[in-house]
Structures are given as C-alpha cells and as structure tokens.
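Peer 1: Encoded as structure tokens, here's the structure I'll be asking about.
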Amino acid sequence: RSLAAQAILVRALLASFTAAPYRHALVRWGQELHDRFLLPYFLWRDFEDVLEHLAAHGMALPADGYRPFLELRCPLAGALEVGTARIEVRNAIEPWHVLGEEATQHGTARYVDSSVERIELRALGLDAERYQIAVNQAIVRLRAVAGRDVRVGGVRFRAWCPPHALHPHLGIHHPLRIDIIDTWGKRAVAGAAYHVWHPEIGRASCRERV
C-alpha cells in the first residue's frame, strides 16, 4: 500500500505538470531549507500545499493516506506537560554529508558522516512571554506558526563520534537535556533527557525526569 501511495503521488504530479506546467519563478530559500523544511511540522504543511495543488487540478488525494510516511520518518519521541501546555519532541530530518575520497587498505573509500542528528521541539499552548525551552543550557528559538498557541524550533546536535567526520573537533552533545524554564519564577518547571544510542541499535527515547 505504501508503494502504491508513492506511485499514485508521483503520477498525479506528473499529470498535473503536464496539463499545467509550473511557470513561476523559483524561490531561493537558502538556510531556510535546513532551518525550516527539515522539521516535520513544516514538512507536513508543505506537503499539504502539494495536495491542495493536486486537488485544484482534479486529482485530490487523501492526506491521511500519507500521514504514516511522516510518522515513520519523524516519530514522536516524547512529550512534556506544563500545566495545560504540551511540549512535543520529534525526530527531524538531517542530511548526511559525503566526505572526500580517502585511501584505505582495500582501495579508495568515501565515508558518510552520519553523526549529526536533529530533533524538533513543538510547543502547544506554552506562554511565550513566560516560558522558554533550553537544550543543554542553550535557549532554543521557537518560531510562531499558529498565533500564540503553536511554536516550533529545531535542534541540531552531534549524536556520536565516528572515526571520519566533517567536523571531527566537535564533541558529542547527547544526552540532550531539555528544560522548560519559568522566566518569572526563575526556575525550571519541567525537564527531560533525550538519549541517543549507537546507530546500529537505532533507538532513541525521551524520558521525563523529576
């Protein structure tokens, strides 16, 4: 069913562009490609625009049929409750850099730096004037996306230290310690630790700590 959904989406896009080619000027997003479109919130909003485009050309596809793709790639790692507010921690997308060629005993190799990962912090109903979110004691800048109720931010970090990396001087940042800070009371009111294991295990968790 997943393969069928992907094939239908690609064929629908090809049919829509054949009937009405895209003739608008391209947008130079720059750093926004990483700071915005690699986070699951904006990724899904962008995909909803794609579905609206197809629906406008008579090829409507159900959004629920594609939600499992996002949940599989960017699952919910955990959540924190602060009164009536909720802070969700989700896995986000992080490109892996291909390094330059290196000579090995068996020939020439090009290593892939998979040591950097990204998470999304999504604040639902958290008062922006009172509370801040800190990760490893650094304040995370959250972008307002739906008025005062929803704010989203991303954290890029070094998960492990491979023998070949793009930035070998950077240390390991995990576990990520997430704190919800009450700026009025000048104290942390909730916290969590995001743990990363070796990629061969492929597990991550976000557990609430007292």
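Peer 1: Can you name the residue in the range 102-155 that is within 14 Å of the chain's Cα centre (by Cα) and charged (D, E, K, R) and, of all such residues, is nearest to LEU43 (Cα to Cα)?
Peer 2: GLU120
Peer 1: Is there any pair with a first residue in the range 143-171 that is of a type in the set (Asp, Glu) and a second that is assigned to a loop (DSSP other than H, G, I, E, B) whose Cβ atoms are under 9 Å apart and which are 6 or more apart or on different chains, and what are they?
Peer 2: ASP149/GLY125; ASP149/LEU126
Peer 1: Tell me the residue from ARG151, ARG207, ARG203 that is modelled with pLDDT under 90, of a type in the set (Lys, Arg) and under 15 Å from GLU88 (Cα atoms), please. Even if it seems obvious, please write down each step before you answer.
Peer 2: Values: ARG151 fails: modelled with pLDDT under 90; ARG203 fails: under 15 Å from GLU88 (Cα atoms).
It is ARG207.
Peer 1: Read through the list (1) loosely packed, with under 11 Cβ neighbours inside 10 Å; (2) at pLDDT 90 or above, then give the number of the only condition that LEU26 fails.
Peer 2: So LEU26 meets the others, but not (2).
Peer 1: Something else now. PRO68: surrounded by 12 or more Cβ atoms within 10 Å (Cβ to Cβ) and over 23 Å from ASP149 (Cβ atoms), yes or no?
Peer 2: Yes, satisfied.
Peer 1: Which of the residues belonging to the range 180-198 are of a type outside the set (A, V, I, L, M, F, W, C), under 20 Å from the mean Cα position of the chain (by Cα) and open to solvent by 30 Å² or more (accessible area, probe 1.4 Å)?
Peer 2: Scanning the range 180-198 gives HIS195, HIS198.
Peer 1: Working carefully through the options ALA165, ALA159, find the one that is modelled with pLDDT under 90, open to solvent by less than 30 Å² (accessible area, probe 1.4 Å) and farther than 22 Å from GLU88 by Cα. Break it down stepwise before answering.
Peer 2: Numbers: ALA159 fails: farther than 22 Å from GLU88 by Cα.
When all the criteria are applied, what remains is ALA165.
Peer 1: In this structure, does ASP127 turn out to be surrounded by 14 or more Cβ atoms within 10 Å (Cβ to Cβ) and at pLDDT below 90?
Peer 2: For ASP127, the condition - surrounded by 14 or more Cβ atoms within 10 Å (Cβ to Cβ) and at pLDDT below 90 - is not met.
Peer 1: Scan (1) of a type in the set (D, E, K, R); (2) free of Cβ contacts under 8 Å to residues at least 60 places away in the same chain; (3) closer than 30 Å to HIS164 by Cα for the single condition GLU94 breaks and write down its number.
Peer 2: For GLU94, the exception is condition (2).
Peer 1: Please specify each residue of the range 19-60 satisfying the condition of being among the acidic types (Asp, Glu) and either touching a residue at least 40 places away in the same chain (Cβ under 8 Å) or assigned to a loop (DSSP other than H, G, I, E, B) (or both). Lay out the reasoning, then the answer.
Peer 2: First, pick out the residues of the range 19-60 that are among the acidic types (Asp, Glu): 32, 35, 46, 48-49, 52.
The one that is among the acidic types (Asp, Glu) and either touching a residue at least 40 places away in the same chain (Cβ under 8 Å) or assigned to a loop (DSSP other than H, G, I, E, B) (or both): ASP35.
Peer 1: Let me ask something else. Go through the range 6-42 and give me each residue that's of a type in the set (A, V, I, L, M) and out of contact with any Leu (no Cβ under 8 Å at 6 or more places or on another chain).
Peer 2: ALA7, VAL10, LEU14, ALA15, ALA19, ALA20, ALA25, LEU26, VAL27, LEU33, LEU38, LEU39
Peer 1: Then there is this: Could you identify the single residue in ALA138, ALA79 that is surrounded by 12 or more Cβ atoms within 10 Å (Cβ to Cβ) and either within 28 Å of ASP179 (Cβ to Cβ) or of a type outside the set (Ser, Thr, Tyr) (or both)?
Peer 2: Answer to the check: ALA79.
Peer 1: Quick check, is ARG177 in a loop (DSSP other than H, G, I, E, B), open to solvent by 30 Å² or more (accessible area, probe 1.4 Å) and of a type outside the set (A, V, I, L, M, F, W, C)?
Peer 2: Details: in a loop (DSSP other than H, G, I, E, B): no; open to solvent by 30 Å² or more (accessible area, probe 1.4 Å): yes; of a type outside the set (A, V, I, L, M, F, W, C): yes.
So ARG177 does not fit the description; no.
The values are calculated or read from the model by the stated rules, or taken from the named source; none is laboratory data. Model, not experiment: these values are computed from the prediction. Every residue, glycine among them, receives a Cβ derived from its backbone with ideal geometry; neighbour counts consider all protein chains shown. Just so you know, the surface numbers come from the protein's heavy atoms only, side chains and all, with ligands and any DNA or RNA stripped out. Shrake-Rupley method; radii C 1.70, N 1.55, O 1.52, S 1.80 Å.
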